[in-house]
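Asker: Dumping the structure here so I can ask a few things about it.
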């Protein structure tokens, strides 16, 4: 019998939504179900710490969870670099982790660290180092960038078309958008991703987008994969996700 596989889109600090999603999976597939998390656990929402703590505890309890890295998780990881805070050069000029559009301020607030009007980056990093548990730091460092299983390739943002799946660059897996979205080719696997918020989960012949904007207060999406079938978990059970092409 084919194993049912589940995937959860971008969470962005929404602990309550995550708890609901996990409860739905437990009902549908049981506590031993494999779940792939597509990254972006932090920023924007109110409880990034609670989200990471839930994932850390679940992994420690032996849950069959695969946690992938999102670009927002890398913002957090890099700010905690032991050599000093690092910033992602892929951000647009004028943006940074603590920009109101990015959401790092909400993340550090969940650890009871608050951004004053004036503080050196290194001093803030020291405060954050003291506040973030070592288990959370290890979680961020240990995140995978992709997961390939049963003809499906899971990555936070997508892939670079034309590049073999086992040779994808981390920056593309975390950041790519238009070049991937507009490419209609068969990529050798169905690519399941998030990163780009949409109003509802989108299924195409070569990719599925599960980021439905939880970071902006919209729903968190849970998808299930069973053979060729793709479904969304709702409060009323499974709902088939039809392909748009």
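What follows draws every value from the coordinates through simple rules; no lab data is involved. All values reported here derive from a predicted model rather than from experimental measurement. So basically every Cβ, Gly included, is an ideal-geometry build from the backbone, and we count neighbours across all protein chains shown.
Asker: Give the number of residues within segment 160-195 that are part of a loop (DSSP other than H, G, I, E, B), surrounded by 15 or more Cβ atoms within 10 Å (Cβ to Cβ) and on the phi < 0 side of the Ramachandran plot.
Answerer: So the count comes out to 8.
Asker: Just the residues that are on the phi < 0 side of the Ramachandran plot and either under 15 Å from the mean Cα position of the chain (by Cα) or assigned to a strand (DSSP E or B) (or both), please, taken from segment 42-52.
Answerer: Result: 42, 45, 47, 48, 49, 50, 51, 52.
For every residue, the table says whether it meets (1) under 17 Å from residue 62 (Cβ atoms); (2) over 12 Å from the mean Cα position of the chain (by Cα).
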| site | (1), (2) |
| --- | --- |
| 13 | no, no |
| 23 | no, yes |
| 28 | no, yes |
| 32 | yes, yes |
| 38 | no, no |
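Asker: Okay, moving on. Could you grab the pairs with beta carbons closer than 6 Å, sequence gap of 6+ or different chains, first residue in segment 110-133 and touching a residue at least 24 places away in the same chain (Cβ under 8 Å), second one not in a loop (DSSP other than H, G, I, E, B)?
Answerer: What qualifies is 110/48; 110/49; 111/49; 111/131; 128/108.
Asker: Would you call residue 123 touching a strand residue (DSSP E or B) at 6+ places or on another chain (Cβ under 9 Å), in a helix (DSSP H, G or I) and exposed (fewer than 12 other Cβ atoms within 10 Å of the Cβ)?
Answerer: No: the conditions fail for residue 123.
Per-residue answers, yes or no, for (1) outside any helix (DSSP H, G or I); (2) over 29 Å from residue 224 (Cα atoms):
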| residue | (1), (2) |
| --- | --- |
| 55 | no, no |
| 67 | yes, no |
| 87 | yes, yes |
| 97 | yes, yes |
| 119 | yes, yes |
| 127 | no, yes |
| 137 | no, yes |
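Asker: For segment 1-36, which positions are assigned to a loop (DSSP other than H, G, I, E, B) and without any contact (Cβ under 8 Å) to a residue 60 or more places away in the chain?
Answerer: Those that are assigned to a loop (DSSP other than H, G, I, E, B) and without any contact (Cβ under 8 Å) to a residue 60 or more places away in the chain: 1, 30, 31, 32, 33.
Asker: Can I ask one more? Which of the numbered conditions does residue 224 fail, given that it passes all the others? Conditions: (1) in a loop (DSSP other than H, G, I, E, B); (2) within 22 Å of residue 187 (Cβ to Cβ).
Answerer: In the conditions (1) in a loop (DSSP other than H, G, I, E, B); (2) within 22 Å of residue 187 (Cβ to Cβ), residue 224 misses (1) alone.
Asker: Let me ask you something else. With respect to residue 198, is the statement that it is out of contact with any helix residue (DSSP H, G or I) (no Cβ under 9 Å at 6 or more places or on another chain), in contact (Cβ under 8 Å) with a residue 40 or more places away in the chain and not in a helix (DSSP H, G or I) true?
Answerer: No.
Asker: Any idea which of 188, 217, 194, 213 is under 21 Å from residue 12 (Cβ atoms) and more than 15 Å from the chain's Cα centre (by Cα)?
Answerer: Of the residues listed, the single one that is under 21 Å from residue 12 (Cβ atoms) and more than 15 Å from the chain's Cα centre (by Cα) is 217.
Asker: Out of curiosity, is residue 39 under 30 Å from residue 241 (Cα atoms), assigned to a loop (DSSP other than H, G, I, E, B) and touching a strand residue (DSSP E or B) at 6+ places or on another chain (Cβ under 7 Å)?
Answerer: Yes, satisfied.
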